[in-house]
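Working notes for the structure below.
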Amino acid sequence: MAEDTSSPMDRFCGSTFWNATQTWWTNDPDFTPCFEQTALVWTPCAFYWVFVIFDFYYLKASLDRNIPWNKLNVTKALVNLGLLVITALDLIMALIKKGGDSELPLYDLDVWGPIIKFATFLLVFIFIPLNRKYGVQTTGCQFIFWFLLTVLSIPRCRTEVRLESERQKILDSQQPSEQDFSWEEYQFVSFFIFFTFTSIMLILNCFADGLPRQTKYQRGENEIPELSASFLSRITYQWFDKMALKGYRNPLEEKDLWDLRPQDSCSEVMPIFAHHWNQNVRKNYKNKARVEPKAQFSNGNVTFENPHGEKNGRKKGMASIMPPIYKSFGGVFLFGALMKLFTDTLTFAQPQVLSLIISFVEAKEAEPEWKGIMYSVLLFVLAAAQTFILGQYFHRMFIVGLRIRTALINAIYRKALRISNSTKKESTVGEIVNLMAVDAQRFMELTTYLNMIWSAPLQIGLALYFLWQQLGPSVLAGLAVMIILIPVNGVIASRIKTYQIRQMKYKDERVKLMNEVLSGIKVLKLYAWEPSFEKQVLDIRDKEIATLRSTAYLNAGTSFLWSCAPFLVSLVTFATYVLIDENNVLDATKTFVSLSLFNILRFPLTMLPMLITNLVQTQVSVNRINKFLNSEELDPNSVLHDSSKPHPMSIENGEFSWGDEITLRNINIEVKKSSLVALVGTVGSGKSSVVQAFLGEMEKLAGVVNTVGKLAYVPQQAWIQNATVRDNILFGQTYDRKRYNKVIDACALRADIDILSAGDLTEIGEKGINLSGGQKQRISLARAVYSDADLYLLDDPLSAVDAHVGKHIFEEVIGPKGILARKSRVLVTHGVTFLPQVDSIYVLKMGEISESGTFDQLVKNKGAFADFIIQHLQEGNEEEEELNQIKRQISSTGDVPELLGTVEKAIKLARTESLSDSISVTSADSLMGGGGSLRRRAKRQDSHDSVASAASLKKKQEVEGKLIETEKSQTGGVEFAVYKHYIKSVGIFLSVATLVLNFVFQAFQIGSNLWLTKWANDEKVANDTGLRDMYLGVYGAFGFGQGFTSFFSDLAPALGSLHAARVLHSMLLENVLRAPMTMFDTTPVGRILSRFSKDVESVDQKMPQVINDCIWCAYEVLATIVVISLSTPIFLAVIVPIAFLYYFAQRFYVATSRQLMRLESVSRSPIYSHFSETVTGASTIRAYNVGDRFIEESDAKVDKNQVCKYPSVIANRWLAIRLEMVGNLIILFASLFAVLGGQTNPGLVGLSVSYALQVTQTLNWLVRMSSDIETNIVSVERIKEYGETKQEAPWELEQDKNKPKNWPQEGRVEFQNFQVRYREGLDLVLRGVSFNIQGGEKVGIVGRTGAGKSSLTLALFRIIEAAGGRISIDGVDIASMGLHMLRSRLTIIPQDPVLFSGSLRINLDPFEIKTDDEIWKALELSHLKSFVKSLAAGLNHEISEGGENLSVGQRQLVCLARALLRKTKVLVLDEATAAVDLETDDLIQKTIRTEFKECTVLTIAHRLNTILDSDKVIVLDKGQITEFASPTELLDNPKSAFYSMAKDANLV
């Protein structure tokens, strides 16, 4: 052997390292032994040493510890030991047998080979106990190491077996051989033992280790298999098979889902994010903020710092959520980025292999066949590797997305509990919920693409580099085209962005308006105002659609550019290439390698603009979230808790505002320990504000507020959660039966609970919809009493209840002998009656305390308080007994004759009037029902029908206790009817056009490629320029055909879908507004609203995209099959089995994925409804200091949503891996058949393989898109479902037109044996009621709660339809006319003053048919004129959502003004006088008496004076009329129920 020519490696081995003739230029390829023993062994070893860092990372990150020894890890350890022994033996044997005395020289390889192996095995061995100790069940690096080692040892097997047989030949030849084969024999044996052991290790590494003993989180029955799946199972997602199978067999339900991986749960994600957020916030302050410890996760508590900081901290800028996101989730993201880098590199290896295949076909005769097969297999292996790595990459990215979403939702939730009132004013609840629903969601969609930011330029760069090698400088021409296209796209993208922002704005507006419409739907129905609001919504919708339409044109433009781009680029490049130089000829290799490179280019080029628009949208979202998270918070230090102060509650020299002008000034209040302090004053004098100041809800401008001890708060408008009655009262505390029952009795709730269908386990609807105002108020009070706090702030808790109930509550709870006697209490009240029993009184006037002291002192002062009392008494609302009490109190102070006079007069008045629908608290069958109240939301009697049925209801308890029907998530496939419905909405013409245009587009594309093949194979072109130009021209023409059809094939479905979206939305809106009231009672507003926001958005924006992509993908796959079959017809044989595989994967996937998506969307709404509930009740939550509990609830809901979300992400990956393997098989067969099938035309081979290379992605997209269509069509299904709900009677009927304009002229109302029930299947609430009211009569209706008073009015307006009998007005049966005809001719002043956001004018006259003078007249009569005059905008004064910026009294007066404007012959007054302060009440009474003199007035009464001067009284009991006569007549008859009521109330 000539030493001098050898390389260092040759010297190292003592034999040749690389021999090309032996390995490449031969029909029987083989490696040299030296190569087999060095390169093929060291490659896996090097791999392991490089990537072992990941194994260390997994040890560190593991949440578990201590896997017990078991068969698997013991076997691993033993086999590994065996390997260590073998390698050590190799080294020892080499040192013994070679070198030294023996004639065999000792080479470096003999020493270093075993050492390197030994070191590597040792490292692997160390990890066996380490992984066991740290609970790591499987490791990827080791699996890959053993896999590579085994595969790369296979060539050596062949070599060793061959050598062995040669040795046998020599030994068999019987010649006395001089040679000693002992070393070779030893190597043979040792290698095969080594090979067996590595194979065993590979097999062992296919399985995961046992379950760890210690885990940070409890591992349940339902643990996700992924946690204990092996590496192999993880990369193939084989652990998901069970779920896919289950989902295929029958629709998945929530119980089938696995628990969340601990790493993704709130409790792991939040502390990390909070830590980085707080760091970031601190950086934003110039002055040194105090250093805080790392965010600790104590009992699930994560604190977020307030970016607004102390008032003095000067702020540099907004704290952004981006840096904390990078820091918290960047690690996983970077790892994903690394994978992306791998796949990008692999992508570019494919065209190189393609060029080898083409040149192989060109030189068919010269090359040995094994090379062709090898190229095909190589192509397959590259594609497969790419598949697996991409699968992991997407999986990682989705996890990051999920975690970011979790972090943001939770951060937003925690912030919402702390925002100050001025912040709250800036945005409505809907907008805040949108931050969570839309903006946090955006991140999830973005993370997958984010790596394209660097990956796209990289891919473009590499593609250009390889193209340069093919075509030289002419690539620059193509590049120029691309660069020109980018700014054009940029312009379009920025236009799209402006449209998008505009569209978001319209969407917000529309959803906000819908929210109000749905919340106030009952009032809209009573007033027959739906058309006006429907028009408002549709107007916004039209603007939204117009914006979407413009976007559609722009999108089609972009698509036109992008489908043209690759083509233009290739056209320009090829043209330049052939035109610069006569000698440049296109041959098959150049053409197809360039084409497949251009195809690779197409992806990053398409992605970039998409990514940019996505980034832009996310940027908008980031800004919205930042603005919210940086908004001002309540100052936690505005209320001190200084126990050294003498009194538990005090305000000294306080000045407070609600963010704009000062509301309260010079406030000095002291509440002594266990004393009761009353705050009195007229409407709007700032009583409630003082309570808010104590809670720290107002902005404190000056002074000191101090509270010591645990607070309880009863707000003026009760805040009730969507939970059971009991949960509402316990409010998170443990259930103590004795205490609970005591509280229930004291708060007079016993009777109400007995009436409810499931007792105190009845579920209360959203906002307490199925309770009356009084019941809500009492539950709210019971919650406070049960909480057993030290300090009580009671904001007018007695306003919504009847007088006797109020008295009972005062005596049992609030007063000096009540449950709370030992506590310190602040009571805001309107009633005078209880004031003598109060320890001290503060009188508020215009936001200042005008006087304070005990009752006696104030009466003596003859100041504001005395006026307040006089005015109060003149209204004569008090009962005689109470007046006597006041009289005694006043006379005992002496020297106040004019007051005494007033009292005497009031007593006389009370004697004549006295009579009430109340029943005394003591009477046995007492049912103090919730008296109605102004502040009552929608009243519904269905749960409290009547006592008689209460017993029978007990049995149905469990069923009926659920009021809100659980949201159905449909199961199984989406019916064809839904698709048909959608296609009908799109329109037949556009649907067909879309299909045809796409077909033509593909035809052009295949045409241009086949034309290229023809050109590349044409030998004549080289010397004939004319021919060349002809080829070029036709090729160009094909291209322009493509561009043109692409534009329209994009536009058609976009416009079609928009048309459909419009049709669907208006149908949905029309039908929801026409749904009967019962639907709104049983469906939470949030659920209907999500149809209008989420589902409509998905029809607006997702459907067009998805449909377009799906059709495109389908055609693309067809095209691929056509092209491959053209070039190698035998391919058709393989298509059938492959199609089967494909179909199965797809069916399994779609069934599972669709159901998962449905479950996910059902589990998503509770997050948002809980959130909006929290936002509305934030002040109560803060007062009780239970924020942490609510945060935990929210976290639990988010986790539950992730439980549904995570499997659907995995389902995508599971499918992708399987489909891409199908695609890779297509690649394998296309290239194998091309190589073996004797196809001699290199152009066709190039074409078919380059098409096959694209098919993987396309197949994947096709299933993804078809299932996306299925998941998004669910939105159409849900809209359709609501669009087909049962409708109420028609609004307008033809025969209505003949009725006179001023019908009813007399106002005669007649009930004939009338029966009604609230919903199908419930008992009757009115059972055969008959009476007749003459025109112009004033009738009072009395009866206890649940007697059917409200049902009477609802029936009159046909909100609930008759079950029997009839009602006629002026002799016309009301069932025979359109609802609007009826409702617009009756007037009602409803219980709750519902106002809508918009101008005051719209609130009074939404159809804008009245003149200004008429409106001012109505305002004057309803005593609002001076108030409206004082407003800057007058009639155009903007009223905020729900009328928040008017006081409750003013809202009530606005309702009166509405009634005056409408002024019809029949007026219904529904408990409208129960809870206004007495002034307002008086105003309303006077106005009604004068203005509605000629009308028929039906009053549902609560206080006696309201009905004493009426002509008749109807006494209802259990749905039947017991008495109907004039009040005097009834009082003269001592047997009448009316008389006994009056007697009960000590009035006769």
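Length gained on full extension, S173 to E1281, computed as 0.36 nm times the residue gap minus the Cα-Cα distance: 389.9 nm. Which of the chymotrypsin sites (Phe, Trp or Tyr not before Pro) found in the range 47-102 are loop residues per DSSP with 15 or fewer other Cβ atoms within 10 Å of their Cβ? Here the sparse-neighbourhood loop sites are W69. Near R1028: Cβ cut-off under 10 Å, other residues only, Lys/Arg at +1 and Asp/Glu at -1. The net charge is -3.
For G1398, the residues 5 or more places off, or on other chains, whose built amide H falls under 5 Å of its own are I1439. Simple point charges give the picture: +1 on the Cβ of Lys and Arg, -1 on the Cβ of Asp and Glu, and for the range 1-127 a dipole about the Cα centre of about 860 debye.
Rounded to the nearest 20 debye, the dipole size of the chain about its Cα centre is 1940 debye, using +1 on the Cβ of Lys and Arg and -1 on the Cβ of Asp and Glu.
Taking Lys and Arg as +1 and Asp and Glu as -1, the other residues whose beta-carbon sits under 11 Å from that of F398 total +3. Estimated from helices alone, the mean residue ellipticity of the chain at 222 nm is -20000 deg cm²/dmol (sum of -39500 (n - 2.57) over DSSP H runs with n ≥ 4, per residue). In a reduced charge model with +1 at each Lys and Arg Cβ and -1 at each Asp and Glu Cβ, the range 1287-1346 shows a dipole moment near 240 debye about its Cα centre. Determine, from the Cβ-Cβ distance of E848 and T1528 and an R0 of 60 Å, the FRET efficiency 1/(1 + (r/R0)^6), rounded to the nearest 0.05. Rounded to the nearest 0.05, the efficiency is 0.80. Against the chain, whose longest principal axis is taken from its Cα atoms, helix 976-986 shows a tilt of about 80°. Modelled label positions at I92 and N1332, each set 7 Å beyond Cα in the direction of Cβ, lie 12.2 nm from each other.
Hey, can you find the accessible area per residue of the range 770-815 for me, probe 1.4 Å, expressed in square angstrom? Let's see the in-between values first.
Details: 670 Å² over 46 residues.
Per residue, the range 770-815 has 15 Å² of solvent-accessible surface.
For the chain, the longest principal axis of the alpha carbon atoms and the long axis of helix 1478-1491 meet at an angle near 70°. Which of the chymotrypsin sites (Phe, Trp or Tyr not before Pro) found in the range 669-753 are in a DSSP loop and have at most 11 neighbouring Cβ atoms, other than their own, within 10 Å? Listed in order of number, the matching sites are Y735.
Expressed as a whole percentage, what fraction of the accessible surface of the chain belongs to carbon and sulfur atoms when a 1.4 Å probe is rolled over the protein heavy atoms?
Details: 36580 of 61660 Å².
Carbon plus sulfur share of accessible area: 59 percent.
The range 405-420 to the range 1361-1423: how many Å between their Cα centroids? Using only Cα atoms to place each centre, the spacing works out to 42 Å.
By how many degrees, between 0 and 90 and to the nearest 10, does the Cα long axis of helix 452-471 differ from the longest principal axis of the chain? Helix 452-471 and the main axis of the chain meet at about 30 degrees. Site pair K371 and Y326 shows an inter-label distance of 5.0 nm when each label is modelled 7 Å from Cα along Cα→Cβ. Ranking L408, N421, F360 by Cα position along the charge dipole of the range 360-421, where only Lys, Arg, Asp and Glu carry charges on their C-beta atoms, puts N421 farthest toward the positive end. Calculated accessible area for the range 144-265 comes out at 55 Å² per residue, all protein chains present (probe 1.4 Å; ligands, DNA, RNA ignored).
What's the FRET efficiency of Y553 with E1408 using the Cβ-Cβ distance as r and R₀ = 35 Å, to the nearest 0.05? List each step's numbers first, then the result.
Working: r = 35 Å, r/R0 = 0.99.
The formula returns an efficiency of 0.50 here.
Solvent-accessible surface of the range 1259-1386, averaged per residue with a 1.4 angstrom probe and all protein chains in place: 36 square angstrom. Cysteine residues of the chain whose C-beta has no other cysteine C-beta under 4.7 angstrom: C45, C141, C157, C206, C266, C564, C747, C1110, C1113, C1204, C1455, C1495.
Specify the inter-centroid distance of the range 981-1054 and the range 168-235, based on alpha-carbon positions, in whole Å. First find each Cα centre; the distance between them is then 55 Å.
Separation of the range 707-739 and the range 1068-1083 by C-alpha centroid, Å? Computed from Cα coordinates, the inter-centre distance equals 32 Å. Of the residues M1381, Y506, G696, the one whose Cα sits farthest towards the positive end of the charge dipole of the chain is G696 (charges of +1 on Lys and Arg Cβ, -1 on Asp and Glu Cβ, taken about the Cα centre).
Counting only DSSP beta bridges with both residues in the chain, tell me the antiparallel percent, nearest 5.
Values: 46 of 83 bridges.
Counting DSSP beta bridges with both partners in the chain, the antiparallel share is about 55 percent.
Between L1010, S153, I819, the Cα set farthest toward the positive side of the dipole of the chain (charges on each charged residue's Cβ, about the Cα centre) is that of I819. For the range 668-685, backbone nitrogen atoms closer than 19 Å to the point 7 Å from N861 Cα along Cα-to-C-beta are found at 668-672, 676-685. Between beta-carbons, use under 14 Å as the cut-off and find the net charge around T87, counting Lys and Arg +1, Asp and Glu -1. Charge balance in the 14 Å sphere: -1. For the range 1368-1416, applying the loop criterion from DSSP together with a ceiling of 12 other beta carbons within 10 Å to the chymotrypsin sites (Phe, Trp or Tyr not before Pro) yields F1407.
Mind giving me the FRET efficiency for F388 and L1141? R0 is 22 Å, r the Cβ-Cβ distance, nearest 0.05 is fine. For R0 = 22 Å, the calculated efficiency reads 0.80. Extent along the principal axes, Cα only, for the range 188-243: 51, 27, 13 Å, with the longest axis given first.
The values are calculated or read from the model by the stated rules, or taken from the named source; none is laboratory data. Here the structure is a predicted model, which is why all the values come from computation and not from measurement. Because the Cβ atoms are built from the backbone with ideal geometry, glycine has one as well, and the counts that use them run over all protein chains shown. Only protein heavy atoms, including side chains, enter the accessible area calculation; ligands, DNA and RNA are left aside. Shrake-Rupley method; radii C 1.70, N 1.55, O 1.52, S 1.80 Å.
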